[in-house]
Amino acid sequence: MLTVRAPATSANLGSGFDVFGIALGAPADIVRVERAPETTITVTGTGSEFIPEDPAKNTVGAVADALDAPARIEIDKGIRPSSGLGSSAASAAGAAVALNELYDRGYSRDELVPIAAEGEALVSGEAHADNVAPSLLGGFTIVSNDEHGSNVTQVDASLPLVVCLPETTVSTRDARGVVPERAPLADIVDTVSHAATLAVGMARNDPELVGQGMTDEIVTPERSALIDGYEAVREAALDAGATGVTVSGAGPGVLAVCRHLDHRGRVASAMLDAFDAAGIESRAYQTRVGEGAQLYGE
Ligand SMILES: Nc1ncnc2c1ncn2[C@@H]1O[C@H](COP(=O)(O)OP(=O)(O)O)[C@@H](O)[C@H]1O
Ligand SMILES: N[C@@H](CCOP(=O)(O)O)C(=O)O
């Protein structure tokens, strides 16, 4: 079987709602495919009991349809669903890479972005590409939309990161429901300045600039209210030396950027302790901005 490792991703990064995303070094989903007359899906791994195997309900089924590539598909979940770590998107990105190869469709990674985003439309109601783009391309991605579809700009980066995932879950569909439809101009101006700072920081691989740019006054305050313990976890990570902290995706994962690789241990401990003090179990990934989906042979 063809095998693809598709990484978790963190979208938004505070100031870049539905626009910014990064690939994470870990965790990841493994997707295996072989040709079959019709698509069947089996799911194992973390949270697999909450993931439908019906191709009409699984993100990889939507991708197989979009590529007209029926297959026996096995998904080994390393990324818990409803985590804010692009779980549904990683499977979709992995399937897009694997089925494109299996059926020799010849699409570039950029061209696979809207195809993988069909899976996101299935689970969250919108084909937002800010998770599938970094899972396919790696590094830091900027997604913009025009009348022709999504355009993606990508830069490589390797910033040290900690992602802390509480045992609670938040559905992306629900978390999109709390995003305000309008915002004061002053908040929009602040958000644009932070987003620009963050983008330059990614291009320079500069954790100080990225951390400065990770705040927004429009989406994150509403989303963070859905995560018990968030404010304490954020403050603990900043006190332990993180340059910036925000909600990962729609939550409940919390993302912290660190100055150096060897700062990650103390930032992770501080975040775990703060969730624990709020009575919530959590686990931490000490990772970095990573590569896009990797294809392996038989
Ligand atoms: N291959 C898949 N991997 C993970 N979740 C999937 C998959 N296919 C469908 N889903 C559904 O998508 C939802 C999780 O997606 P989402 O809320 O976007 O979480 P995440 O933030 O982890 O991507 C769950 O309802 C899950 O059952
Ligand atoms: N831009 C989306 C990203 C959702 O990411 P997920 O990892 O929570 O699926 C949003 O913020 O709604």
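The values are calculated or read from the model by the stated rules, or taken from the named source; none is laboratory data. In this text, all values refer to a predicted model and were calculated from it rather than measured experimentally. Every residue, glycine as well, gets a Cβ built from its backbone with ideal geometry; the counts of neighbours run over all protein chains shown. Areas reflect the complete protein model, heavy atoms only, side chains present, ligands, DNA and RNA absent. Shrake-Rupley method; radii C 1.70, N 1.55, O 1.52, S 1.80 Å.
Only Lys, Arg, Asp and Glu carry charge here, each on its Cβ (+1 for the first two, -1 for the last two); on that basis the chain has a dipole of about 560 debye about its Cα centre.
Among Leu85, Val143, Pro70, whose Cα projects farthest towards the positive end of the dipole of the chain, with charges put on the beta-carbon of Lys, Arg (+1) and Asp, Glu (-1)? Projecting each Cα onto the dipole axis, the largest value belongs to Leu85.
Restricting the calculation to alpha carbons of the chain gives Rg and Dmax of 18.1, 56 angstrom.
Where the only charges are on Cβ atoms (+1 Lys, Arg; -1 Asp, Glu), what is the dipole of the range 160-288 about its Cα centre, to the nearest 20 debye?
Numbers: 11 positive and 18 negative charges, 98 e Å.
Value, rounded to 20: 460 debye.
Amide H contacts of Ile41 (H built 1.01 Å from N, in plane; Pro and chain starts excluded): Ile73 sit under 5 Å, all sequence-distant by 5 or more or on other chains. If you average 1/r across every pair of different Cα atoms in the range 1-150 and take the reciprocal, what Kirkwood value do you get, in Å? Radius from the Kirkwood sum: 14.7 Å.
From the alpha carbon gyration tensor of the range 218-271, can you work out the equivalent ellipsoid semi-axes (sqrt of 5 times each eigenvalue) and give them in Å, largest to smallest? Mind dumping the intermediate values first?
On the way: eigenvalues 81, 22, 15 Å².
Computed over the range 218-271, the values are 20, 10, 9 Å.
Relative contact order, percent, of the range 1-147 when contacts are C-alpha pairs under 8 Å separated by at least 6 residues?
Values: 362 pairs, mean separation 45.3, N = 147.
Computed over the range 1-147, the figure is 31 percent.
If you take the alpha carbon atoms of the range 70-183 and fit the smallest convex hull around them, that volume is 152 Å³ per residue.
Each helix, a run of at least 4 DSSP H residues, gives -39500 (n - 2.57); summed and divided by the residues of the chain, these come to -11000 deg cm²/dmol at 222 nm.
R0 = 25 Å: FRET efficiency of Arg204 with Glu167, Cβ-based, nearest 0.05? It would help to have the intermediate numbers written out before the result.
Numbers: r = 36 Å, r/R0 = 1.44.
Result of the calculation: an efficiency of 0.10.
Value of Rg to Rh for the range 160-288, rounded to two decimals, is 0.97; Kirkwood radius and Rg both from alpha-carbon coordinates. Extension gain for the segment Val155 to Glu49, taken as residue separation times 0.36 nm less the Cα-Cα distance, is 34.6 nm to one decimal.
Measuring nothing but protein heavy atoms, the accessible surface of the range 160-288 at 1.4 Å probe radius is 48 percent carbon and sulfur. For the range 109-183, trypsin sites (Lys or Arg not before Pro) meeting the loop criterion (DSSP other than H, G, I, E, B) and having at most 15 other Cβ atoms within 10 Å: Arg182.
The mean sequence separation of alpha-carbon pairs under 8 Å and at least six residues apart, normalised by the residue count of the chain, gives a relative contact order of 24 percent.
Taking only protein heavy atoms into account and a 1.4 Å probe, give the accessible area per residue of the range 211-290 in Å². All intermediate terms of the calculation are to be shown ahead of the outcome.
On the way: 3270 Å² over 80 residues.
Counting only protein heavy atoms, the per-residue value for the range 211-290 is 41 Å².
Provide the net charge surrounding Thr39, with neighbours chosen by a C-beta distance below 9 Å and charges set as Lys +1, Arg +1, Asp -1, Glu -1.
Working: positive: Arg72; negative: Glu38, Asp65.
Once all neighbours under 9 Å are counted, the net charge is -1.
Modelled spin labels at Arg105 and Val178, positioned 7 Å past Cα toward Cβ, are 3.5 nm from each other.
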